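Please treat every number below as a calculation from the coordinates, not as lab data. Treat the numbers as computed from the prediction; the structure is a model and nothing was measured. Glycine also receives a Cβ, built like all others from the backbone with ideal geometry; neighbour counts cover every protein chain displayed.
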Amino acid sequence: MKPHLRGIWLDFGDWTGAGPFAKIVSQSRQNRMGGENIMLMEDIKKLDRNGWVEQARKISFEGRNFINGEFVPAKSGKTFEKINPASGEVMATVSRSDGEDVNAAVAAARKAFKSGVWSRMAPRDRMNVLYRYAKLINEHAMEFALLDTLDMGKPIMDMINSDVPGSALTFQYFAETIDKIDGQVTNTAASEFQYILRQPLGVVACITPWNYPLMMAAWKVAPALAAGNTVVLKPAEQSPHSASLMAKLFIEAGGPAGVFNVVQGLGHEAGKALALHMDVDKIAFTGSVEVGKLVLVYAGQSNMKRVTTECGGKTPQIIMADAPDLDRAVSYAVNGIYGNQGEVCNAGSRLLVDQKLHDEFIQRFIEKSKTAFLPGDPLDPATTMGPLVTREQQQRVLGYIEKGKQEGAKLEFGGAVPEKLEQGAYVAPTLFTGVKNEMTIAREEIFGPVAAVMPFRTLEEAIEIANDSIYGLAASIWTKDISTAHKAARDIDAGVVWVNCFDHGDMTQPWGGFKQSGNGRDKCFETMLHHTQTKSVWVHLG
């Protein structure tokens, strides 16, 4: 199976081969961030645990805000501690920004936008900046990998094989859309002439989650910049550091100061101030339903700024009795819930299995899970599951597991902290059977490695179960019957539906959901257009 991540289908041979743009780096060069030589990708992939631990000792953490091209501390001088979730140790301090810092960042972004230094830059020139930027992200793969792994516990090879190249690809894709934005001339009376311009919005605030720190920032920032907007990025306080490196490299790529700003801090302080700010034109948000609703309220309370949201899901994977390859379906089911520690908005946590093959599916799922995801040190290349992002998240997931047992679900395996990993925020891969859709573990987004199996008898029953949720981000169905596949794709309430696969896609695929999974779309060309607005110009010719 090729590596894939959150709907981006990647063949990493394209990134490590001889392509003129996509090649990671042709030779070592000086790292302007710290003076170390950048390691070639082929050498990075040869590192063992000891090698990664040694590199981690050398990494520097930049926790200050990045405003108008410079790193600056919070005006109040306040900071907060960043904890390594694998060890429980304090590893850095980060600026705790408030409204004053947000004001400074938005003012810098507004000044840069009005100056036209980015919004009116020739399209090909803006494209070239983002092309260079994508290349720099790949060249700094080791730093990005270490920062996100140390911040939130993601296995280091997931960063190297998926997150870093996928993020670079995002900027490359949106760079390629810049000269594809067209206006329009309408057909009017001979005495009139009307044309429609498509222009950037202004200042876009990007509020991103902690589960894919670099990737989600790329998904939000890239289309905003490509459309000619200026940006203020507020990363999650649990995973702040890759955002700082992103902003620094944008300047190195030739981006003007003030165009890409970063404000660190807590969500209810810095994030709320951004959402309420009267000079922000749009919020691009990914996070929880609860916070997404607050962002919509704040937008209404302030200047009616535009808001797009992606707020998670409770993805059903429907396994029909005629699934074309049961082993393949099981592999995707295992990967779909345990990948990234289950901290995925489209995690396939609800496994809807035809009663005819229910027992066999569970047997194969248990067997596959024994070796597929093994918790361990995220700096060890052999590790396939790291810790959860915080102790708080660990306790939240363990609480859901207890709730599942109390409500009558059968715990098949997992459900506890793995032995010898008590120092970190770990939870073992967990499977429940005998689950009913009214149970808490079937209804609420756990955001951890907890799968729930539910049997069904007919396609109609499976679709009814799938749709009985406040969420509607994604779904999958496994069947040989083309009519069954199309009926399910038509009738399931989800923004993304996969047939005989899971989490496939590329940059042309709209990513977003129905219902309380949110109202926005990421990745695709439509996303670029959502960062623009139209202006109608009517000329009377006389």
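Points to keep in mind about this one:
- Extension gain (nm, one decimal) between residue 87 and residue 195, 0.36 nm per residue minus Cα-Cα: 32.9 nm
- Relative contact order of the chain, defined on C-alpha pairs under 8 angstrom at six or more residues apart (%): 18 percent
- Sorted by Cβ density within 10 Å, fewest first, the residues 106, 204, 291: 291, 106, 204
- Taking every DSSP helix (H) stretch of at least 4 residues in the chain, weighting each as -39,500 (n - 2.57) and dividing the sum by the residue count yields a mean residue ellipticity at 222 nm of -11000 deg cm²/dmol.
- Taking 334, 497 and counting other C-beta atoms within 10 Å, the order from fewest to most: 497, 334
- Degrees, to the nearest 10: 482-491 long Cα axis against longest axis of the chain: 60 degrees
- Order of 311, 524 - criterion: other Cβ atoms within 10 Å of each residue's Cβ, fewest first: 524, 311
- Over segment 411-484, Cα pairs under 8 Å with separation of 6+ residues give a relative contact order of 23 percent.
- Shape analysis of segment 382-434 based on the Cα gyration tensor places the equivalent ellipsoid semi-axes at 21, 13, 8 Å, largest first.
- If you take all other residues with their beta carbon under 14 Å from the beta carbon of residue 450, and give Lys and Arg +1 and Asp and Glu -1, the sum is +1.
- Crossing angle, helix 123-139 versus the chain [Cα axis fit, 0-90 degrees, rounded to tens]: 40 degrees
- Spacing of the modelled spin labels on residue 296 and residue 363, each 7 Å from Cα toward Cβ, amounts to 4.7 nm.
- Degrees, to the nearest 10: 164-177 long Cα axis against longest axis of the chain: 50 degrees
- The calculated FRET efficiency for residue 371 paired with residue 541, based on their beta-carbon distance and R0 = 60 Å, is about 0.20.
- Using the Cβ-Cβ distance between residue 407 and residue 53 with R0 set to 45 Å, the FRET efficiency from 1/(1 + (r/R0)^6) comes to roughly 0.60.
- Label point distance in nm, residue 533-residue 420, each placed 7 Å from Cα along Cα→Cβ: 5.9 nm
- Net charge, residue 386 excluded, C-beta distance under 9 Å - Lys, Arg +1, Asp, Glu -1: -1
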